[in-house]
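Structure first, commentary second.
Just so it is clear, none of the values below were taken in a lab; they were calculated from the coordinates. From a predicted model like this one, the values you see are computed outputs, not experimental measurements. Every residue, glycine among them, receives a Cβ derived from its backbone with ideal geometry; neighbour counts consider all protein chains shown.
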Amino acid sequence: MRGLVLNQYYTVDKSLKNYFFISVLLVAVMLLSSNDMLLSMATWVPIMFMISPAFEALKHESASGWNKFVLTFPIKRRHVVQSHYYFFLLLLLAGTMITFLLIFAMNEFIGGIQVSALLNSLMNGMGIAFIIGYVSYPLTYYYGTEKSDMILYIGVFSAIGIYIFAGWLFQQIISLGWFGLSVEGHIDLIFSLLFLVLNLIIFILSYFVTVFIYQKKEF
């Protein structure tokens, strides 16, 4: 398992470094802008940039024939899928840590940053990343990496659509008074936590779907 994950890392290490430096630069500029919209976007940028190489690794493996060669190893197909999901999670965590550290660093230096609001936005960004993951991985394993670019676009637009719908649905639930008065002032936090946790659960479930697809796949 460790070897499979390391192979993916070395396959896309240059892209990772480039995305890291670009995301740090963009986030720093966005945080300095003091623009509310840019501040919210700043929490998503590193995550979206850092998870991109996870899908790039799939394309490289297919182009080099590694995806077929790896099946000759004494490992199960589910281990191959696991390695891709682990790599995705590692990159997502890396993007999250970059954002987290930059927010607190900029707040220490320039101050005036509403950390709690940005942390809520950060959780939303993580939830969106999980949507991209659980849409893209099963579809990529089913249709093949030849269509991975189109599938990634589907994942991104699906994530945006689900996020907008989830926000609308949550507002409808709030308007019905299901949560009571005790949650007033914590609405954004509750939404962000629910959005993150529910999409994490679906992401985990998508792993089993992807394993099932991959086990049925013939080369």
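I need the Kirkwood Rh of region 2-216: take the reciprocal of the average 1/r across all distinct C-alpha pairs and report it in angstrom.
This gives a value of 18.4 Å.
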- request: Let me know the number of lysine pairs in the chain closer than 27 Å at the Cα, not counting same-chain pairs under 8 apart.
  value: 19
query: How high is the relative contact order of region 2-216, in percent, with contacts defined as C-alpha pairs under 8 Å that are six or more residues apart?
result: 25 percent
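Cβ neighbours within 10 Å, averaged per peptide: list 123-134, 154-165 in order, most packed at the top.
Packing proxy ranking, top to bottom: 123-134, 154-165.
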- request: Using per-residue counts of other Cβ atoms within 10 Å, averaged over each peptide, order 19-29, 45-55, 100-110 from highest down.
  value: 45-55, 19-29, 100-110
- prompt: Rounded to the nearest 500 deg cm²/dmol, what is the calculated helix-only ellipticity per residue at 222 nm for the chain, with -39500 (n - 2.57) per DSSP H run of length n ≥ 4?
  reply: -28500 deg cm²/dmol
